[in-house]
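Take a look at the structure below.
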Amino acid sequence: MPLERNRWIVFVVEDEQLIASTLALILTSKGFDARPFVDPLDALRAAHSSPPHVLVTDAMMPTMNGIELAVQIKELCPDCKIILFSALAAMTVRRNANAKLDEHNFQFLSKPIHPQVLLDAIEKILNA
């Protein structure tokens, strides 16, 4: 039996505070337990005590890119679903990605993300 929406923990990781907070606020308003992070390392630390069901992360960030974060979150939380987003085309991100990416099935979305597109992607990935 699937968890109710308010029990789904969604980490939103984006190095721009306004984007991270806005996406988390939108997800919270739709019933998710959304938590914004600006620093990927903070998200990784938080995953140890409160594993996310979904990670929504920018693919390109300065301290740790979203692909590296996604791989580490997946190792820590194998059931976590991953959605990467980037202003770069998905294929460009894939070409620049760590070789480990080929072992994973991460979903890519393009920035800017319309809130409904993100909500639909999360619903789809959780129901898969």
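Does residue 52 satisfy being touching a strand residue (DSSP E or B) at 6+ places or on another chain (Cβ under 7 Å), closer than 17 Å to residue 11 by Cα, at pLDDT 85 or above and in a loop (DSSP other than H, G, I, E, B)?
Working: touching a strand residue (DSSP E or B) at 6+ places or on another chain (Cβ under 7 Å): yes; closer than 17 Å to residue 11 by Cα: yes; at pLDDT 85 or above: yes; in a loop (DSSP other than H, G, I, E, B): yes.
It is true that residue 52 is touching a strand residue (DSSP E or B) at 6+ places or on another chain (Cβ under 7 Å), closer than 17 Å to residue 11 by Cα, at pLDDT 85 or above and in a loop (DSSP other than H, G, I, E, B).
For the stretch 117-126, name all the residues that are farther than 14 Å from residue 31 by Cα and without any contact (Cβ under 8 Å) to a residue 60 or more places away in the chain.
117, 121, 124
Looking at this structure, is residue 39 modelled with pLDDT of 90 or more, touching a strand residue (DSSP E or B) at 6+ places or on another chain (Cβ under 9 Å) and farther than 20 Å from residue 8 by Cα?
On the way: modelled with pLDDT of 90 or more: yes; touching a strand residue (DSSP E or B) at 6+ places or on another chain (Cβ under 9 Å): yes; farther than 20 Å from residue 8 by Cα: yes.
In short, yes.
Of (1) over 15 Å from residue 106 (Cα atoms); (2) surrounded by fewer than 16 Cβ atoms within 10 Å (Cβ to Cβ); (3) touching a Pro at 6+ places or on another chain (Cβ under 9 Å), residue 18 satisfies all except one. Which?
(3)
Hey, does the stretch 5-14 have a residue that's within 20 Å of residue 106 (Cα to Cα) and either part of a helix (DSSP H, G or I) or modelled with pLDDT under 90 (or both)? Quick ask: steps written out before the conclusion?
Step one: of the stretch 5-14, the residues within 20 Å of residue 106 (Cα to Cα) are 8-14.
If we keep only those that are either part of a helix (DSSP H, G or I) or modelled with pLDDT under 90 (or both) too, we end up with none.
Scanning the stretch 5-14, I find no residue that is within 20 Å of residue 106 (Cα to Cα) and either part of a helix (DSSP H, G or I) or modelled with pLDDT under 90 (or both), so the answer is no.
Within the stretch 69-105, which residues are at pLDDT below 90 and in a helix (DSSP H, G or I)?
Of everything in the stretch 69-105, those that are at pLDDT below 90 and in a helix (DSSP H, G or I) turn out to be 90, 91, 92, 93, 94, 95, 96, 99, 100, 101, 102, 103.
The values are calculated or read from the model by the stated rules, or taken from the named source; none is laboratory data. Treat the numbers as computed from the prediction; the structure is a model and nothing was measured. Cβ: placed from backbone, ideal geometry, glycine included. Neighbour counts: every protein chain shown.
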